[in-house]
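The next block holds one structure in the form of structure tokens; read it before the comments.
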Amino acid sequence: MNRRDYLKTLGVLSAAAILSLYGSFVGRAASQSVTVLVTYHSASGNTEKMAQGVAEGVKVVSDTTVVLKRVGDVTGNDLLSSDAVIVGSPVYFGNMSGEVKTFLDNWTLKFDVFRDRKMRNKVGGAFATGASVSNGKEVTIVTILGAMLINQMIVVSGGGGFGASATTGPDSPGIDEKEMAEARELGKRVAEVAAVVKRGSGK
Ligand SMILES: Cc1cc2nc3c(=O)[nH]c(=O)nc-3n(C[C@H](O)[C@H](O)[C@H](O)COP(=O)(O)O)c2cc1C
């Protein structure tokens, strides 16, 4: 091999090595990206607005993808491909709405993710809206988190002690800025913890 051919071969090999290193870096980065499913039931828009706040909070964390869906639209693949799931419900007679309960029951009945604990070590969070100050918001959140614990998920809170909540009755209609901030804080915390679980703390 003359000097020219040698340099040419060396150049081709170097380019291939650089491309291969770049490819593995990009592949690794993509596989370390965190996906958070934010899902909710909402008949009159309050819980939906909180869900949007939660999704905004998720997006604050870098390398994060958020999937925002009503509970009835969630597929088994949405659950399996998520690193974290945040569920929101209106309070109906002191607990989660029937739609949210059906969604959680479907983790066994329809999606079959309870068997073999397929949600194990995914991160979970919950939020609720209710008309009254003290009429079931915390029960609703804790009951959703209980279903997640039974599925061996890692549940976390946000800025609020249990998750995030809003009072929506006549005394305090709609979702105010403080409640939206709590929703964003929940999304951010869940995404942060999901990133630590997936990538390690780096400490
Ligand atoms: C059937 C039903 C039962 C409800 N029960 C309660 C309740 O026990 N406690 C409460 O604080 N609000 C209760 N509410 C009010 C809703 O939780 C509240 O309006 C909520 O913000 C609605 O959320 P959405 O706008 O996302 O549908 C009830 C509403 C309905 C329709």
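Tabulated data
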item	result
Karplus-derived HN-Hα couplings along region 128-134 (A = 6.51, B = -1.76, C = 1.60, θ = phi - 60°), whole Hz, x at Gly and Pro	8, 10, x, 5, 9, 4, 9
Extension gain, VAL133 back to ASP171 (0.36 nm per residue minus Cα-Cα distance, nm)	12.8 nm
Region 33-199 - Rg over Rh from alpha carbon coordinates, Kirkwood radius	0.94
Anchor LYS49: lysines whose Cα lies under 23 Å away (excluding residues fewer than 8 positions away in-chain)	LYS59, LYS69, LYS101, LYS137, LYS178, LYS188
Computed E for LYS8/SER33 - FRET, C-beta separation, R0 45 angstrom, nearest 0.05	0.75
Förster-model FRET efficiency, 22 Å R0, SER201 and LEU80, C-beta, rounded to 0.05	0.35
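All of the numbers you see were taken from the coordinates with simple rules; none came from a lab. These numbers were taken from a predicted model, which means no experiment stands behind them. Heads up, the Cβs are rebuilt from the backbone with ideal geometry, glycines too, and the neighbour counts pull from every protein chain shown.
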